[in-house]
Every structure is written in C-alpha cells, then in structure tokens.
Amino acid sequence: MTHLGKNLTKIAESIVKTYEKDGGINRIDGVNLPATEPVVGILNDIMQILFPGYFGERVPARSNILFFVQSGIDALFLRLLDEFKRACQYAQSIGQYEGEITRTSCEENALSLISCIPHIRALLKQDINAGFEGDPASKSKEEIISCYPYVYAIATYRIAHEIYAMDIPLIPRIMSEWAHRRTGIDIHPGAVIGHSFFIDHGTGVVIGETSEIGDNVKIYQGVTLGALSFRKDADGSIKKGGKRHPTIEDDVTIYSGATILGGNTVIGRESIIGANTWITSSVPPRTLVTFQENQIYRSLDH
C-alpha cells in the first residue's frame, strides 16, 4: 500500500471510531428510513394528479384522463406502501409507534391518502381563487398555479397534513421541508389551515406546528406564527407538545414582517395586522394593529 493509501486508511478508521464515540447522527444496522428522493417522488406524483397539465412531463388529453389518473394512483399506491412501512418501522424502533405494522395497515393508510385527493383539490381551488382575487397583479388563475410559490407550498402542506393526521412520522416533515427549500415558505404539517388561504410573495413565512388559521386569511412575506417560549422539564429539557403557536381567526390580513407568538394568542376575526409588528397577546376582532414609534391598536368599527 502506498503512503497515500495508508493515510487514507487511517483517516477512514478515525471516522469509523466517531460512529461509536459520537453516535446519534448515524444509522448503521438500523431500520431503513424514508429517504428524501422517493418521498419527493411521491409528492410529485400527487402534484400531477392535483394539477394535471401543470406539474410533471405528461399533459393528459380529455379523452384519456381516466387512464392518466388510474395509472397515476396505481403507481402512487405502491410507492406509498413502501415509504409508509419504512416510516412506521422507524417509529416502532424508537418506541413511538404502538400499532401493528402489516401490509393491510399500510394499504389502508395509502388508500386513505389517495381518497383525500378530491377534498384536497377542492380546498386548493379555493386557495388559488383567493390568490387571484387578492392580488391585483395576477392576470389569470393559470398564472397563479404556474408562478406563485404559495401554491406549491400550500398544496404540499395539505398533502402532508393528511399524512401527519395518520401519525405517520418523518414523511410529512420531509415533504414540508422540501417545499420550504423550494419556495421559502415553512408550513409545519401539523398546523390547521382553513379554506381560501393566500400567501402573497411568501419568502420567509413560518407557520408553526400548533398554529390554527381560519378561513379567508391572507398573509404576506416574512410573517412568523411562532412560539413565545418553551416549557422545560426539571432537567432543563424542552417539553414536547402542547399549544405553542397562535390562532388566527377568519378574514384576517397579516402584513409583511409581522411576528405573532404564543399558544394563547388569538387574532380576532377581520383584524388587520400591520407590517413589522410584534404581538404576544390576543387582539380583539376587527382591530387594526400598526407599528410606528409604538404599537397602536384601533378598532376598525370607529
């Protein structure tokens, strides 16, 4: 072995030692995890069914649309079986999944997700209509679907949310983080979002796991719906779970750069939250909140 070869071997051996010494960031001899590439493949398959002719390379004709959809969901079903099984086996290996993992249980979950597609499409039609009506710069709904990043982000959220509700781990987060990378919009799949939701521009938007958003809500770039503080155990570890993020009621508009924090914070219906405001307590319905030299609350009824 050459001197260079010996040096590379020594380096390899030193790296392997870290797998034992600094464990926790490697998986060796463990169950296979869902990987980003196949999960994104599943997401792309669903996007083609949700938006035929917009996503993917195939543009179906009306005459063969049933064949297009049938062949799409057949392939999707098989891919879901494999990745759902991987995700559940992983959760079971760390004591976070108590159910029995069988082909039947995975088939039921896969079928459940596919059966949600008509409902998801109905919601997305309202979301797209909200964007078209809410942005005077938009020329058509086709432009909204093709060009506006919130469409991909909210479609991914609505898919991931259904999987999240099945208690299937990792896959919803892989999907949402993929959309985050692609659009700059970070929506946790655990959030609850009503119909006709529009994110204008979108870059830098963060919507936390326990956020609740009503119907006909419009937000702009740089908005954060986040946690105010984190409860800790006696040993100083952060407690998981609990309502940590705000509730946004119906018909609220939140302008760019606004930060709204806390699980007990409720933004009342029909309120307007001005740009760059910092809110940690509830706002009554029909209230305008602005920030100049200080924060000002003003009822929209006066």
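Here F230 meets each of (1) within 21 Å of H180 (Cα to Cα); (2) over 19 Å from the mean Cα position of the chain (by Cα); (3) of a type in the set (F, W, Y) with one exception, condition (1). Residues of the range 35-52 that are of a type in the set (S, T, N, Q) and either outside the structural domain of E177 (by TED's automatic domain parsing) or assigned to a loop (DSSP other than H, G, I, E, B) (or both): none at all. The residue of the range 187-200 that is farthest from G242 (Cα to Cα), among those that are of a type outside the set (A, V, I, L, M, F, W, C) and crowded, with 18+ Cβ neighbours inside 10 Å, is D200. Flag: L66 does not match the condition of being in a helix (DSSP H, G or I), surrounded by 13 or more Cβ atoms within 10 Å (Cβ to Cβ) and not assigned by TED's automatic domain parsing to the domain that holds N216. So is R231 among the basic types (K, R), out of contact with any strand residue (DSSP E or B) (no Cβ under 6 Å at 6 or more places or on another chain) and under 30 Å from P136 (Cα atoms) or not? So R231 does not fit the description; no.
The values are calculated or read from the model by the stated rules, or taken from the named source; none is laboratory data. The shown structure was predicted, so the numbers you read here are calculated from the model rather than taken from an experiment. Note that each Cβ is placed from the backbone with ideal geometry, even for glycine, and that neighbours are counted across all protein chains shown.
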